[in-house]
Amino acid sequence: MKNIFKKIGLIFIFFIILAVIFFVISLFFDEAVLVRKGTFYRAQRADKVVALTFDDGPSPIWTPQVLDELKKAEVKATFFMLGSHVERYPAIARRVLAEGHEIGNHTYDHHVLIYYKMEELEKEIQEAEDAIKAVTGQSPRYFRPPKAWLSSREKKKIEEMGYKIVLWSLNSKDWVTFHDKQITSYILKRIQPGDIILFHDSGGVFTAEGGNRAQTVKTIPRLVRKLKERGYRFVTISELMDK
């Protein structure tokens, strides 16, 4: 019996170590780089345009604050929403659209799709689409997978469903709750015309809802001001694709 408990303990410790290693690696490496093929992750543009995108919302706490800052900065963005959150907070989803922003599909429940069967994948995306359309009256055209992971087979299926898969070229890593000055500095050192910048308006390190997006909210005015000083303007994903 002692040997059994010892083995269980060792297995548990092993998975804890793996989780810690994965977390540390994710701080310094953007996994989206590995799965960009066949997706839209940045535009080949000569003019200075960038797209701000926000994942995992809407949130009753953070999305309104993000929207307030975008409105003050006179900037439009693209929000990749979870169907379950849209159903839970319909008024906020409608506000996003009413203020001229774009809405994309980020699945219904934020599950990593690479483990799904094709029928499960289709159901997850379709349920999110149905939720978004029921609340906003519009069907999303763009899809972003949680954690970026998609196989070639899954990409093909999603495209057959009528979606353009959108990833990103710059990851703010705001889910780690870095300070807004650190986030801004990181982006400013790497920014290029046509970049798609990833932020979150909901979610924490291990959850798709909750979390603390205070630094994200603070980053918006600082980053927008500095990029505008460099001659950049901000567009939605559809505008970024429209050369």
* **Within the range 136-155: backbone nitrogen closer than 17 Å to the LYS117 label point (7 Å, Cα to C-beta)** => 154
* Quick one: if the Förster radius is 45 Å, what FRET efficiency do LYS228 and LYS37 give, using the C-beta to C-beta distance and rounding to 0.05? -> 0.85
* Asked: Helix 180-190 versus the longest principal axis of the chain: what angle, 0 to 90°, nearest 10, using Cα atoms?
  -> 80 degrees
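What net charge do the residues around GLU74 carry, taking every other residue with its C-beta under 14 Å from that of GLU74, with Lys and Arg at +1 and Asp and Glu at -1?
Numbers: positive: LYS71, LYS72, LYS76, ARG225, LYS228, ARG233; negative: ASP68, GLU69, GLU99.
Combined, the nearby Lys, Arg, Asp and Glu give +3.
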* **Computed helical MRE - 222 nm, the chain, DSSP H runs ≥ 4 contributing -39500 (n - 2.57), nearest 500** => -15000 deg cm²/dmol
* Summing +1 for each Lys or Arg and -1 for each Asp or Glu, what net charge is found among the other residues whose Cβ lies under 9 Å from the Cβ of GLY203? -> -3
* To do: May I ask you to order 60-69, 146-155 by the average number of other C-beta atoms within 10 Å around their residues, highest value first?
  => 60-69, 146-155
* Asked: Using modelled amide H (1.01 Å from N, peptide plane; none on Pro or chain starts), what sits under 5 Å from the amide H of GLU102, excluding residues fewer than 5 places away?
  -> ALA77, THR78, PHE79
* So, in nm, how far is label LYS48 from label LYS181 when the simple model puts each one 7 Å beyond its Cα toward the Cβ? -> 2.4 nm
* Asked: Mind checking the angle between helix 62-73 and the chain's longest principal axis? C-alpha axes, 0 to 90 degrees, to the nearest 10.
  -> 30 degrees
* **Antiparallel DSSP beta bridges within the chain, as percent of all bridges there, nearest 5** => 5 percent
* Asked: How large is ³J(HN,Hα), in whole Hz, for each residue of the range 49-54 in order, when computed from phi with the Karplus curve 6.51 cos²θ - 1.76 cosθ + 1.60 and θ = phi - 60°, using x for Gly and Pro?
  -> 10, 9, 10, 8, 10, 10
* Asked: Can you give me the Cα centroid spacing of the range 188-230 and the range 48-79 in angstrom?
  -> 9 Å
* Provide the per-residue ³J(HN,Hα) series for the range 213-221, in order, calculated from phi with Karplus coefficients 6.51, -1.76, 1.60 and θ = phi - 60°, each as a whole number of Hz, with x at glycine and proline positions. => 9, 4, 5, 4, 4, 5, 5, 3, x
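Values quoted throughout were computed directly from the atomic coordinates according to the rules given, and no laboratory measurement underlies them. As the structure is a computational prediction, the values presented were derived from the model and not from experiment. Positions of Cβ are generated from backbone atoms using ideal geometry, with glycine treated the same way; all protein chains shown enter the neighbour counts.
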